[in-house]
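Here's the structure, in structure tokens; my notes come after.
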């Protein structure tokens, strides 16, 4: 006896195929708030800020500079260094050298906590367990950095720069894209750093005339306390801020970077994320 199973299955297949072939598939409409496209992986991982307070007459400050460079090499792209020279006896330039003191440096040091000596520095402007202040000895930085590394950032920070060689003006456009909601007020600090500055430095082996200073804070676009962005955020928020400033004649634009720091206010100065971009691409 012949089986009728196969013809039945074939008939069912034809009917199902005809139904789906005639069904109209609606377009996939994304109802989420628009977010600026982001295809670069470095904008997803958070970065860590190390602020190294230094001086040309500080004999041990080259050691903190070495530690900063070592950490930046150990975690490429994840650590941004800013070397700050406040106005004091340690930062008076040697004869023939220009000053490395930025106008905002002393106020920034007071904001983070005036140290009893140099070199000292802060990691993400946090007071870590067992510490009483933000600025600590450089031999502790590595442990603090390791604890600050995360998979993703609460806010992505993108910087675009435009350089006008005639006026020596740099324009920095900072875009913030929020990955999480936050009900606390946040601030944005934007600044200029310069590297490859040759100036005399006291070192453990004596005075070095051709010492190379890197990541030196030159100027801030914003106040040293930062600019208030807004008081609360929802996931998907995008904020764009534009700043411009003029570089001094002796600053070499090809060695300068723009640094953008997103952080909380005076009750908690903790850094949320930070980014860096060259002044001249």
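Worth a mention:
- Scattering profile of the range 151-263 at q = 0.11, 0.22 Å⁻¹ [log10 I(q)/I(0), Debye over alpha-carbon scatterers]: -0.47, -1.15
- Percent of Cα pairs exceeding the 33 Å cut-off, where the set is the range 41-278: 14 percent
- Whole-angstrom gap from the range 102-130 to the range 157-234, using each part's C-alpha centre: 16 Å
- When each of the peptides 219-229, 254-264 is scored by the mean number of other C-beta atoms lying within 10 Å of its residues, the order from highest to lowest reads 254-264, 219-229.
- Percent of Cα-Cα distances greater than 13 Å, calculated over the range 187-230: 64 percent
- Each peptide in 49-62, 92-105, 196-209 gets a packing score, the mean of other Cβ atoms within 10 Å over its residues, and the list from highest to lowest is 49-62, 92-105, 196-209.
- Three semi-axes describe the equivalent ellipsoid of the range 136-180; taken as square roots of 5 times the Cα gyration tensor eigenvalues and ordered largest first, they are 32, 19, 6 Å.
- With a Förster radius of 25 Å applied to the C-beta separation of residue 266 and residue 75, the computed FRET efficiency comes to 0.30.
No lab work stands behind these numbers, since they all come straight from the coordinates. Just so it is clear, the model here is predicted, and its values are computed rather than measured. As a convention, Cβ positions derive from the backbone with ideal geometry for all residues, glycine included, and neighbour counts pool all protein chains shown.
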